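Trainee: Sending over a structure as structure tokens; questions will come in a sec.
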Amino acid sequence: MARIAVLPGDGVGPEVVWEAMKVLKSAGGRFGIHLEFEEGIVGGAAIDRLRTPLPPETWTLCRASDAILFGAVGGPRWDSLPVDRRPERGLLTLRKDLQLYANLRPVKLFPPLIDASPLKREIVEGVDLLVLRELTGGLYFAEPKGIWPTSDGRGEQGVDTLNYTTPEIERIARVGFQIAGRRRRHLTSVDKANVLASSQLWRRVVTTMAREYPDIELDHILVDNCAMQLIREPRRFDVLLAENTFGDILSDEAAMLAGSIGMLPSASLGEGPGLYEPIHGSAPDIADQDKANPLAAILSAAMLLRHSLRQEPAAAAIEIAVLDVLEQGYRTMDIMQPGKKQVGTARMGDLVAERVVKG
Ligand code: NAD
């Protein structure tokens, strides 16, 4: 029996997580996997009820679970709160406390969506890359951090610190080399070593580690050039290894290669139970309208089965079901194309769940 903590969060989070659970239940039924779901509150929903984005009971639930299925947090209602009390802090704290330092963001274009990408067919055809983002260090966490008066008393200064240590770089780079070894054996490390000291250390450590992995081709790319090459020639990439902020930005950019941010799943792995979530946010502009694409959350559920529960056949069955539903012409609003059949969030979830059961 596997215990799954379900943290729907805010905005479209609950809508897409509900569909992911539906599909997980179908996969569990077909493959004889006993799944037990328990819900916890997080983000803005938790601030409204308990005045904190990550209540202790949610934290305890996560710790005691085999995996966490997460929706999204945040929204305009909470935008005026100080940074350390905003909904997003709940997710950041969870990642940090559970030491989920490796964020896997596979970017694979489903062939039926080739014309849904804003990029030309000949650029995106065959794109299959993975952004590996360091998740617990860098600008989002390092101290000092805050806003305080300047010493000359002429206003304030906002400070974030970009700090990486050798062990932090080594542990994420190791995951990068290992994942590349299971794919096309090509690791591209992203940095800004021409300007940033943290990037110079990053490049040195990754280069040294490459000696342990002689069968992996390693190259380095500056983050600004990487942003350009992702649009110009995305097929050249296999695994992209990046620190926290660079990985955050590049993976949203890479999402457009797959047609929509609503298509991209992620897994956050490390020492605690794995956390699985779509890469998109709470999308307040389309929340509660049955418009959100649930496929990113559903594909995150497939990653949960693969990485945390080691149920590869069930994970693959979900991915095949998603492809099949897209091949049948069903589309949510964000990936809609002429001549296709537009469906809402719940119907898309039903279609995938039914297809998983049929096999
Ligand atoms: P967003 O990802 O929520 O939305 C960006 C755009 O993509 C919007 O136009 C939205 O409608 C669209 N979109 C997102 N998910 C979609 C889906 N499943 N189907 C169809 N379209 C989708 O990013 P944002 O607007 O910058 O942020 C909104 C809120 O979400 C903010 O409060 C932000 O802090 C938060 N956020 C949370 C997370 C997270 O929980 N992991 C990540 C990013 C942003």
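The values are calculated or read from the model by the stated rules, or taken from the named source; none is laboratory data. Since we're looking at a predicted model, the values are computed, not measured. Don't worry about glycine lacking a Cβ; one is built from the backbone with ideal geometry, like all the others, and counts go over all protein chains shown. We work out accessible area using only protein heavy atoms, side chains counted, and drop any ligands, DNA or RNA first. Shrake-Rupley method; radii C 1.70, N 1.55, O 1.52, S 1.80 Å.
Trainee: Kindly provide the set of residues from the stretch 87-145 that are of a type in the set (Ser, Thr, Tyr) and over 29 Å from ALA321 (Cβ atoms), ordered by number.
Mentor: THR93, TYR101, THR136, TYR140
Trainee: Something else now. If we keep just the residues of the stretch 248-288 that are over 27 Å from THR58 (Cα atoms) and in a loop (DSSP other than H, G, I, E, B), which is nearest to the ligand (Cβ to nearest atom)?
Mentor: The qualifying residue nearest to the ligand (Cβ to nearest atom) is SER260.
Trainee: Here's a follow-up. Taking only pairs six or more apart or across chains, which ones have beta-carbon atoms under 9 Å, a first residue in the stretch 80-102 that is under 16 Å from VAL42 (Cα atoms) and among the acidic types (Asp, Glu), and a second residue that is within 14 Å of the ligand (Cβ to nearest atom) and open to solvent by 50 Å² or more (accessible area, probe 1.4 Å)?
Mentor: Once the first residue is under 16 Å from VAL42 (Cα atoms) and among the acidic types (Asp, Glu) and sits in the stretch 80-102, no partner that is within 14 Å of the ligand (Cβ to nearest atom) and open to solvent by 50 Å² or more (accessible area, probe 1.4 Å) comes close enough.
Trainee: For residues that are at pLDDT 95 or above and charged (D, E, K, R), scanning just the stretch 153-174, find the one that is most open to solvent (accessible area, probe 1.4 Å).
Mentor: For the stretch 153-174, the residue satisfying everything is GLU156.
Trainee: If you go through the stretch 199-242 one residue at a time, how many are under 28 Å from ALA142 (Cβ atoms) and either among the β-branched types (Val, Ile, Thr) or open to solvent by less than 10 Å² (accessible area, probe 1.4 Å) (or both)?
Mentor: Residues that pass the stated criteria total 16.
Trainee: Let me ask another. Pull up the stretch 65-81, narrow it to residues that are within 16 Å of LEU304 (Cα to Cα) and outside any strand (DSSP E or B), then point me to the one that is farthest from the ligand (Cβ to nearest atom).
Mentor: That would be ASP66.
Trainee: Go through (1) surrounded by fewer than 19 Cβ atoms within 10 Å (Cβ to Cβ); (2) at pLDDT 95 or above one by one and return the number of the condition LEU304 breaks.
Mentor: (1)
Trainee: Given LEU218, LEU299, which one is among the hydrophobic types (A, V, I, L, M, F, W, C) and in the same structural domain as ALA353 (by TED's automatic domain parsing)?
Mentor: LEU299
Trainee: To continue, here is another question. For the stretch 333-347, give me each residue that is under 14 Å from GLY259 (Cβ atoms) and either within 22 Å of the chain's Cα centre (by Cα) or more than 14 Å from the ligand (Cβ to nearest atom) (or both).
Mentor: Result: MET333, ASP334, ILE335, GLN337, LYS340.
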